Amino acid sequence: MKEFIRKCIKQRYLFLMILPGFLVILIFNYLPIYGILIAFKDYNVAKGVWGSDWVGLKYFKMFLTNPMAGRLFKNTFLLGLYSLLWGFPAPIILALLLNEIKNDAFKRTVQTISYIPHFISVVVIVGMLAEFCAVDGVFNKIRVLLGLEALPLLAYPQYFRTLYIASNIWQGVGWGTIIYLAAITKVDPTLYDVAAIDGANRWQKVVNITWPTIKPTTTILLIFNISGILGTNYQKILLMYNTRTKSVADVIGTYVYELGIQGAQFEYTTAIGLFMSVISFILLFIANFISRKVSETSLW
Amino acid sequence: MAAYKESLSSRIFDVFNTLFMIFIIVIMLYPFLHVIALSLSETSEIMKGNVNIIPRGFNVEGYKLILTSPQLWIAYKNTIIYAVLGTFITLLFTSLMAYPLAINDFVAKKFITVYLTITMFFSGGLIPTFLLIRNLGLINTIWVMVLPGCVSAYNVVVFRTFFQGISPELRESAYLDGANDFIILFAIILPLSKALLATFGLFSMVGHWNSWFDALIYLNEEKKYPIQMILRKILFVSNASAANDAAQVMIESRLVHPKNIQMAVIVVTIAPIMCVYPFLQKYFVQGVMIGSIKG
């Protein structure tokens, strides 16, 4: 014990160094976790989080019996599911195709250009999208060429998901290839030569050499993506949606923003947030469990 | 490889693959070129729908309106302050926290590691965080734009891993020469970590440059808004006429099209990033690599 205290005193500078980061995390990460308690309370600012009266599961019941809840779940889940189905394979395919480009300068050019949209803000992305979807915008010029009617596309619910997901892919696909291309560089090049001698064609090399190399990376990212399926980018939706597309664009995140920040229903929206976190956590466990059974890759 | 003759199907694939990559380049660049072309085109050409990727006519009225609006310059200044201060705090606090964790016999190493890891899996969520910041009285202050999230577990772990790669003998010999840990960190470790600092500094800068949601919920005075909030206002909230009073008059007299103004703001907002991107691209990619090796 004495030894320990002496060591602590000797390392006092190290403790001093930890302090600012420790406090920032305590305040901005841990205190909000403690603040989740208001989901079970009738929150009163004067009484504070702990002093407010308990109300049990009132707000959870309120949410689950809310007729809106079904639509919110459906919209959140479908948007997440379609994003996963289209958005997850896109960078893998692009990375595998880039890997087949033999001219290094051309390959680098494509990569450099495809990263650009990643650095653009959501506001700009949605601004461009709105311009492209306008009646006199580029998408409608294409529609007219195809013999379709020019429509303000952002005002039609049936196009909302496609536009949301396609613009996400446009922004993220190039950047998403980096991690896969890094994994691909770990392939021992002699494997390809050996396979060539054995008469393997390019497709067979991809299936039998490249793909097995990036599979663990893919699995880990897939697990994270599945657990994040309900974590829609509601900030983007806030910029994109309008009263006409709300029937499909309304997700848990936007609902919490509208009722919580704008409507000041803090306890209710905190309860919704907690409920969704629990579901995401369960999804993470399930995805990890399945992955461990099927591919022996897991997070823990 | 020389003995291996390419089959016809393989060459056909190469042709299509190259075409596909050219298609990717076009898709990635077209929106930017279109926005620039629109921002510079004559009102009449925009109304006729003639603008594609090359400006039709030459009209800089949109830019003039934007660049003479004090609102834009205030927002630019605010953004730079938030970005520079926020990045400085992030790098400083992250380095300070990562250094002790890179030392094996630091007594609190295990505790701090667990303390950090928990934040990777649990968070309070939007509303509890909002309430906390409101209760702390940080609403409408500069601190709300730079402090929350300035230290992230992920960044600390990456920094720690990087510091561990620096020879521990350097530290030990400095120790024997009487240097304390602060001197070692600032005079020895950080100068050896320039690539790391550059990379994460850039990520932080871009993050601040592009952030708007925190400003939306935590700031309530326009004179404190960062650039993205002004962009949001001109694009979505009040139409292009919000740029300033002169804009309204000019739109009505058809000297300038609302699209001239809207697209000009987009260009002005992304220009700084686009200007530095080609030179700093390798640092960004490096950042992903440093992170992914650990993960």
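Only the coordinates and a few stated rules stand behind these numbers; no lab work does. Just so it is clear, the model here is predicted, and its values are computed rather than measured. Backbone-built Cβ (ideal geometry, glycine too); neighbour counts: all protein chains shown.
Relative contact order for the stretch B:61-295 using alpha-carbon pairs under 8 Å, separation at least 6, rounded to a whole percent?
Working: 204 pairs, mean separation 81.0, N = 235.
After rounding, I find 34 percent.
Most mobile of A:Leu84, A:Leu148, A:Leu283 per a Gaussian network model of chain A (Cα springs, under 10 Å)?
A:Leu148
Could you work out which residue, out of B:Asn140, B:Asn210, B:Asn50, moves most in a Gaussian network model of chain B, that is, has the largest mean-square fluctuation with Cα springs under 10 Å?
So, out of B:Asn140, B:Asn210, B:Asn50, the one fluctuating most is B:Asn50.
Treating cross-link reach as a plain straight distance, find the aspartates and glutamates whose alpha-carbon is under 14 Å from the alpha-carbon of A:Lys246, omitting any fewer than eight places away in the same chain.
A:Glu258
Determine the shape class of the stretch A:182-255: with a ≥ b ≥ c the square roots of the Cα gyration tensor eigenvalues, call it rounded for a/c under 1.5, and otherwise prolate if a/b is greater than b/c, oblate otherwise.
On the way: a/c = 4.81, a/b = 3.42, b/c = 1.41.
Verdict is prolate for the stretch A:182-255.
Each residue of the stretch B:222-229 in order: what ³J(HN,Hα) in whole Hz does its phi give by Karplus 6.51 cos²θ - 1.76 cosθ + 1.60, θ = phi - 60°, with x for Gly and Pro?
5, 5, 9, 5, x, 4, 5, 6
Partner chain Cβ atoms within 10 Å, averaged over the residues of A:264-275 - can you pull that number for me?
3
Inside 10 Å of the C-beta atoms of A:107-114, what's the mean count of C-beta atoms belonging to other chains? Don't skip to the end; give the middle numbers.
Details: counts 1, 1, 2, 7, 4, 7, 7, 6.
Per residue, the number of nearby Cβ atoms from other chains is 4 on average.
Could you pull out the trypsin sites (Lys or Arg not before Pro) across the stretch A:238-300 that fall in loop regions by DSSP (anything but H, G, I, E, B) with no more than 14 other Cβ atoms inside 10 Å?
Values: sites: A:Arg244, A:Lys246, A:Arg292, A:Lys293; in loops: A:Arg244.
Within the stretch A:238-300, the qualifying trypsin sites (Lys or Arg not before Pro) (loop, at most 14 other Cβ atoms within 10 Å) are A:Arg244.
Select from chain A the helices, each a whole stretch of DSSP H, whose alpha-carbon atoms run 24 Å or more along the helix axis and whose Kyte-Doolittle mean is at least -1.0; answer none if there are none. Let's see the in-between values first.
Working: long enough: A:67-87 (30 Å, 0.65); A:157-184 (40 Å, 0.60); A:266-295 (42 Å, 1.34).
Going by DSSP H runs, the hits are A:67-87, A:157-184, A:266-295.
Count, for each residue of B:254-264, the Cβ atoms from other chains sitting within 10 Å of its Cβ, then give me the mean as a whole number.
1
Mind checking the dipole of chain A: about its Cα centre, +1 per Lys or Arg Cβ, -1 per Asp or Glu Cβ, Debye to the nearest 20? Could you put the intermediate results ahead of the total?
Numbers: 26 positive and 15 negative charges, 137 e Å.
Dipole about the Cα centre, nearest 20: 660 debye.
Report, in deg cm²/dmol and to the nearest 500, the calculated mean residue ellipticity at 222 nm for the protein assembly as shown, where each DSSP H run with n ≥ 4 adds -39500 (n - 2.57) and the sum is divided by the residue count.
Working: 32 runs with 407 residues, N = 595.
Value at 222 nm, helices only, nearest 500: -21500 deg cm²/dmol.
What is the distance, in nm, between label points placed 7 Å from the Cα along the Cα-to-Cβ direction at A:Trp203 and at B:Lys64?
6.1
Total Lys pairs in the stretch A:31-133 closer than 23 Å by alpha-carbon, pairs eight or more apart in sequence or interchain only? Please report the intermediate quantities before stating the final value.
Details: A:Lys41/A:Lys58; A:Lys41/A:Lys61; A:Lys47/A:Lys58; A:Lys58/A:Lys74; A:Lys61/A:Lys74.
Close lysine pairs under the 23 Å cut-off: 5.
Which angle between 0 and 90 degrees, to the nearest 10, do you get for helix B:194-210 versus the longest principal axis of chain B when only C-alpha atoms count?
40
Test of understanding: given chain B, find the longest segment containing no chymotrypsin sites (Phe, Trp or Tyr not before Pro) that are in a DSSP loop and have at most 13 other Cβ atoms within 10 Å.
Numbers: sites that count: B:Tyr4, B:Phe58.
Answer from the scan: B:59-295.
Placing +1 on the Cβ of each Lys and Arg and -1 on the Cβ of each Asp and Glu in the protein assembly as shown, which of A:Ile237, A:Ser277, B:Ile217 has its Cα farthest towards the positive end of the resulting dipole?
Value computed over the given set: A:Ser277.
Rounded to the nearest 20 debye, what is the charge dipole size of the protein assembly as shown about its Cα centre when +1 sits on each Lys and Arg Cβ and -1 on each Asp and Glu Cβ? If you can, show how the numbers build up before the last one.
Numbers: 46 positive and 30 negative charges, 133 e Å.
With only Lys, Arg, Asp and Glu charged at Cβ, the dipole is about 640 debye.
Longer than 22 Å from Cα to Cα, which of A:Lys141/B:Lys48; B:Lys223/B:Lys259; A:Lys141/B:Lys259 are they? Say none if no pair is. Display every interim value, and only then the final one.
Numbers: A:Lys141/B:Lys48 12 Å; B:Lys223/B:Lys259 25 Å; A:Lys141/B:Lys259 17 Å.
B:Lys223/B:Lys259, as the Cα separations exceed 22 Å there.
GNM, chain A, Cα, under 10 Å: largest mean-square fluctuation among A:Leu221, A:Leu274, A:Leu14?
Among A:Leu221, A:Leu274, A:Leu14, the largest mean-square fluctuation in the Gaussian network model of chain A belongs to A:Leu14.
Work out the length of the dipole vector of the stretch B:1-59 about its Cα centre, built from +1 on the beta-carbon of each Lys and Arg and -1 on the beta-carbon of each Asp and Glu, and round it to the nearest 20 debye.
On the way: 4 positive and 4 negative charges, 18 e Å.
Approximately 80 debye in magnitude.
Against the longest alpha carbon principal axis of chain B, how many degrees, from 0 to 90 and to the nearest 10, is the axis of helix B:8-40 turned?
It works out to around 70 degrees.
Using θ = phi - 60° and the Karplus form 6.51 cos²θ - 1.76 cosθ + 1.60, what ³J(HN,Hα) does each residue of the stretch A:205-210 get, whole Hz, x for Gly and Pro?
Ordered by residue, 3J(HN,Hα) equals 5, 4, 5, 9, 10, 5 Hz.
List the GluC sites (Glu not before Pro) within the stretch B:1-62 that fall in a DSSP loop (any state other than H, G, I, E or B) and whose Cβ has at most 16 other Cβ atoms within 10 Å. Walk me through the numbers before you get to the answer.
On the way: sites: B:Glu6, B:Glu42, B:Glu45, B:Glu61; in loops: B:Glu6, B:Glu42.
Within the stretch B:1-62, the qualifying GluC sites (Glu not before Pro) (loop, at most 16 other Cβ atoms within 10 Å) are B:Glu6.
If the reach is capped at under 19 angstrom between alpha carbons, list the lysines near B:Lys224, excluding any in the same chain fewer than eight residues apart.
B:Lys77, B:Lys233
For A:Lys41, which sequence-distant residues (separation of 5 or more, or a different chain) have an amide H within less than 5 Å of its own amide H, given hydrogens modelled in the peptide plane?
Distant-sequence amide H within range of A:Lys41: A:Val55.
Name the residue farthest towards the positive end of the dipole of the stretch B:99-182 from the options B:Val146, B:Phe159, B:Leu170, assuming +1 on Cβ of Lys and Arg, -1 on Cβ of Asp and Glu, about the Cα centre.
B:Val146
Can you tell me the relative contact order of chain A? Whole percent, Cα pairs under 8 Å, sequence separation 6 or more. Before the final figure, lay out each step's value.
On the way: 262 pairs, mean separation 78.3, N = 300.
Averaging sequence separation for qualifying contacts and normalising by length gives 26 percent for chain A.
What is the gain in length, in nm to one decimal, between B:Thr141 and B:Lys282 on full extension, counting 0.36 nm per residue of separation less the C-alpha to C-alpha distance? Don't jump to the answer; show the numbers that get you there.
Details: separation 141, 0.36 × 141 = 50.76 nm, distance 3.47 nm.
Additional length available on full extension: 47.3 nm.
Please state the shape class of chain A: rounded when a/c is under 1.5, otherwise prolate if a/b exceeds b/c and oblate if not, all from the C-alpha gyration tensor. If you can, show how the numbers build up before the last one.
On the way: a/c = 2.06, a/b = 1.18, b/c = 1.74.
Oblate is the answer for chain A, as a/c is 1.5 or above yet b/c matches or exceeds a/b.
Could you tell me which residue out of B:Thr269, A:Thr254, A:Leu37 lies farthest along the dipole of the protein assembly as shown toward its positive end? Charges go on the beta carbon: Lys and Arg +1, Asp and Glu -1, centred on the Cα centre.
A:Leu37
What lysines does A:Lys2 reach when the alpha-carbon gap must be under 16 Å and sequence neighbours fewer than 8 apart in one chain are set aside?
Here the lysines satisfying the reach criterion relative to A:Lys2 are A:Lys10.
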